[in-house]
Structures are given as structure tokens and as C-alpha cells.
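Working notes, structure below.
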Amino acid sequence: MERKQSNLSLAADVSTKAELLALADTVGPYICVLKTHIDVVSDFDADLVAQLQALAAKHDFMIFEDRKFADIGNTVKLQYGGGIYRIADWAHITNCHVIPGEGIIQGLAEVGRPKGRGLLLLAEMSTAGMLATGAYTEKNVEMAVANDFVIGFIGSRRFTEERDLITMTPGVGLHASGDALGQQYRTPAKIITENGSDIIIVGRGIYGPGKDAAAEAQRYREAGWVAYTKRLAGPAK
């Protein structure tokens, strides 16, 4: 973040190898994290992974596979370390729901910790009517504080001061609004400066029909970083 003066993560929800690589290369200079959904890429292959890793090195960003693991510890070990995607081999960060209990964190850690990976817990989501609230969110925080493999949360705010844990926030737009499927958008100033989150996750606001992805990424990078530095500076005196 500091090297690039960017707290922008791109949500690259595209369905082909060519689209994903082109988008990562175009937006790479302006982001600190590339968030993928690798299982929607219809022509996934090992070469895609190799090229993503090369782009991550070229543009100095991390790769976050938004897998949202949600099974028992032994199963997620197999899903994370093996299968077609072998996520732990190339994704610096992944995430999980803690519905199965703390064993899911332990299972993922057994695979990811030796590879230097990190885990985010889904403490909240950005859709209307989400059920990740109250005691469930508090349990996420408790587990995160107790497990050093956890590096932070998906959520809308800063959750704790007990450990230096990051918060990445989806559903961010330069103009607050929503979509027909319940997604709710909030501005960088609201999420970063007011709520204390660290990284904004933006997808459709950057790319899509009629959009200049590089120009939009620069706009979001600037807005996110201004909000972040304003928060670090503290209240105006």
C-alpha cells in the first residue's frame, strides 16, 4: 500500500483467461490487491496462474482468491491445497466463513502458513439483508485475534484494536447507490475515513461496457488514498 500509495483492490469478476489477464495488466499499476473468482474462468489453466503471478510481480500487487471457504477443516485443506486450482500455490490471500467453527481456520492454516499465505474472515458482507451481524461478527473478531494465520476481515469497518488486522471492504462506489440484486455501495470517504476500513474493493465501477478501466482505477485509487491519509492524519485541529 505505502509503496504504491494505493489501498484499492480490483474485483476482477470476468469469465475468460484473456479478460482476466488484460484487466490485471491494465489496472495493475493502480491497485494493491487483485481479487479473483478463479472458478468462474471458463478456460482456466496452469498458464493463467503463471501469467497472473508474473503480472503481480510486474505491477507489485497481491492476489486474493475470493474463495469463501465454508466447510470442515479436513475438507478445506483439500480444497485449498489441491484440486484443479491449487489456490494456496498462487494466491497470497484467501477468505472463509467461520460457520463450521475454528477448525476451518486451523485446516486452512496447515496448508497456507508454510507458504506464507494469509486469511481474511467474512465478518460482514455488503448485501442487503446479510445475516453476518451481531454475535456472529463478534465471534469472527474473537477467532481472528486468537489465530495468527488470520490477517484481517471482509467487512465495512475496523473491528478491533487487539491486533493489527486489516479490513477490506466491498461494495464501494464513488457515488453511493445499489444494484438490483441487493448490493449496497458506499463511498471511499464513508468506508475509509469514517468507518476505519483499510482497503476498498471495486469491480463494476472500474471496468465494463463503455468504461476506461485505467482511468477509472486511477480515480478510485486517488479517492481511496485521500480518504486513508485523511484518517491517518486524525481529526482536523
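The values are calculated or read from the model by the stated rules, or taken from the named source; none is laboratory data. Small disclaimer: the values here were computed from a predicted structure and weren't measured. Please note: Cβ atoms are built from the backbone with ideal geometry, for glycine as well, and neighbour counts cover all protein chains shown. Just the protein is used for accessible areas: all its heavy atoms, side chains included, with ligands, DNA and RNA removed. Shrake-Rupley method; radii C 1.70, N 1.55, O 1.52, S 1.80 Å.
Numerical summary
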quantity: Cα-centre dipole for region 1-123 with unit charges at Cβ (Lys and Arg positive, Asp and Glu negative), debye to 20; calculated: 340
quantity: ASP47/ASN74 FRET efficiency (R0 25 Å; Cβ-Cβ; nearest 0.05); calculated: 0.25
quantity: For ILE63, residues with placed amide H under 5 Å, excluding near neighbours; calculated: LEU34, HIS92, ILE93
quantity: Inter-label distance for HIS175 and GLN5, nm, one decimal - labels placed 7 Å from Cα along Cα-to-Cβ; calculated: 2.7
quantity: Residue-count net charge about GLN218 - beta-carbon cut-off 14 Å; Lys, Arg +1, Asp, Glu -1; calculated: +1
quantity: 222 nm mean residue ellipticity, helices alone, for the chain (DSSP H n ≥ 4; -39,500 (n - 2.57); rounded to 500); calculated: -10500 deg cm²/dmol
quantity: Nearby lysines by direct alpha-carbon distance to LYS4 (threshold 16 angstrom, same-chain neighbours under 8 apart not counted); calculated: LYS58
quantity: Positive-end residue of ALA54, ILE72, PRO170, charge dipole of the chain with Cβ unit charges; calculated: PRO170
quantity: Fluctuation leader among ASN74, ASN95, ASN140 - the chain, Gaussian network, Cα springs under 10 angstrom; calculated: ASN74
quantity: Cα-based convex hull, the chain, per residue volume (Å³, whole number); calculated: 130
quantity: DSSP-loop GluC sites (Glu not before Pro) across region 36-144, with at most 14 other Cβ within 10 angstrom; calculated: GLU102
quantity: Partner lysines for LYS230 [C-alpha distance under 16 Å; skip if fewer than 8 residues away on the same chain]; calculated: LYS190
quantity: Region 67-222 - accessible surface per residue (Å², probe 1.4 Å); calculated: 46
quantity: Region 10-95, accessible surface, carbon-and-sulfur percent (1.4 angstrom probe); calculated: 54
quantity: Net lengthening on full extension, GLU138/ARG163 (0.36 nm per residue, minus Cα-Cα); calculated: 7.6 nm
quantity: Dipole magnitude of the chain, debye to nearest 20 (Cβ charges: Lys/Arg +1, Asp/Glu -1, about Cα centre); calculated: 560
quantity: Reachable lysines from LYS77, criterion Cα separation under 28 angstrom, eight or more residues apart if same chain; calculated: LYS17, LYS35, LYS68, LYS115, LYS139
quantity: GNM top mover of GLN51, GLN106, GLN218 - the chain, alpha-carbon springs below 10 Å; calculated: GLN51
